[in-house]
1. Tell me the angle of helix B:56-74 to the major Cα principal axis of chain B, expressed in degrees between 0 and 90 and rounded to the nearest ten.
2. Please name whichever of B:T79, B:G50, B:L62 sits farthest to the positive end of the charge dipole of region B:39-153, dipole taken about the Cα centre and charges placed at Cβ: Lys and Arg +1, Asp and Glu -1.
3. So, with +1 on the Cβ of K and R and -1 on the Cβ of D and E, and no other charges, what is the size of the charge dipole of the protein assembly as shown about its Cα centre, to the nearest 20 debye?
4. Hey, what did chain B get for relative contact order, percent, Cα under 8 Å, at least 6 apart?
5. Kindly report the accessible area of chain A per residue (heavy atoms of protein chains, probe 1.4 Å, no ligands, DNA or RNA), in Å².
6. Roughly how far apart, in whole Å, are the Cα centres of region A:36-95 and region B:114-131?
7. Hey, in the GNM for chain B with a 10 angstrom Cα cutoff, which one of B:T100, B:T135, B:T79 fluctuates hardest?
8. Size of the dipole of region A:54-106 about the Cα centre, Lys and Arg at +1 and Asp and Glu at -1 on the beta carbon, nothing else charged, in debye to 20?
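The values are calculated or read from the model by the stated rules, or taken from the named source; none is laboratory data. Predicted model only: the values in this text are computed from it and were never measured. Here Cβ is always computed from backbone atoms with ideal geometry, including for glycine, and neighbour counts include all displayed protein chains. We work out accessible area using only protein heavy atoms, side chains counted, and drop any ligands, DNA or RNA first. Shrake-Rupley method; radii C 1.70, N 1.55, O 1.52, S 1.80 Å.
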Amino acid sequence: MKYFEDVAVGDIMRFGRYEVTKEEIVEYARQFDPQPFHLDEEAAKASMFGGLIASGWHTGAMFIRMVVEHMTPVHATSGAMGFDDLKWLKPVRSGDVLTVESEVREKVEGRRPDRGTVKIESRVINQHGEVVMSLVSLVIYLRR
Amino acid sequence: MKYWEDFKVGERIVLGAHAISEAEILAFARKYDPQPFHTDPEAARRSIFGGLIASGWHTCALMMRLSVEANRREDAAATGSPGLDSCRWLKPVRPGDTLTGRSEVLETWPSRSKPIGFVRRRVDLVNQHGEPVVTIVGLTMYRRRPVGPAVRA
């Protein structure tokens with residue numbers, strides 16, 4: 001288990017594999033982001049994206065799934081306060097395979113003696129090596 | 001149709017409301033954020049949260065839903081988002097909470113290369129006690145008002 005004391009600025013972690021399907025793009029969009037370019041292949045073709053793309057918030061949800069599967073079991077975290085500087089850089093499409101690369105940017109001691117905040121920059125990368133989304137998460141780590 | 005030109009700094013919008021159920025919290029979390037305090041009411045009771053809470057990414061998804069509905073009411077020519085400056089989860093969201101929201105335009109500027117413009121706005125969701133649960137500052141792109149010959153009869 002990695003506690004606040006165990007993470008160091010510059011640490012890099014690579015993890016996760018998420019296959020994006022058309023069915024899931026549409027299902028997410030119906031519930032949370034019902035815009036034509038997330039819902040309807042024909043309408044999406046006519047849009048500036050040239051085809052169906054995942055909601056950016058859906059990419060965020062797929063990202064957190066990979067984090068919870070691969071990082072949470074081995075890092076003593078207690079959720080996150082939020083994030084900064086989220087960028088949706090490239091469309092995510094059906095058939096894409098996503099993975100995550102995370103890098104520790106900064107450790108903030110804070111006032112609480114039992115925990116600290118770690119700023120982690122994460123990049124979600126597709127099968128062509130293109131970064132599709134990046135963000136800096138403010139993750140709460142417990143101390144040893 | 002509401003185009004980029006029609007958004008003014010300081011403009012405020014009240015978003016609709018959404019009552020969140022335990023079933024919804026569990027369904028989202030089991031698919032995307034399977035941590036015990038989001039997926040297991042018993043384990044959540046023993047956690048620092050004292051009960052089941054929604055994934056922060058679920059709260060953001062609901063904010064998106066309310067924002068899309070507001071865009072639709074205004075017939076706004078929204079065309080996606082390049083990202084957010086910040087997002088803070090301020091209070092846990094629990095089953096039975098009713099979330100509503102408000103947004104305020106902070107800044108607008110046109111794209112130099114495309115017939116679109118950007119709007120930076122702050123969006124807050126609050127619960128039924130008036131407590132903010134999430135606050136974001138994010139960007140939205142809107143199409144520019146078409147120029148050229150008038151097509152009106």
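1. 30
2. Positive-end residue among those listed: B:T79.
3. The dipole of the protein assembly as shown has a size of about 600 debye.
4. 30 percent.
5. 46
6. Here the answer is 19 Å between Cα centres.
7. Of the options given, B:T79 has the highest mean-square fluctuation.
8. 220
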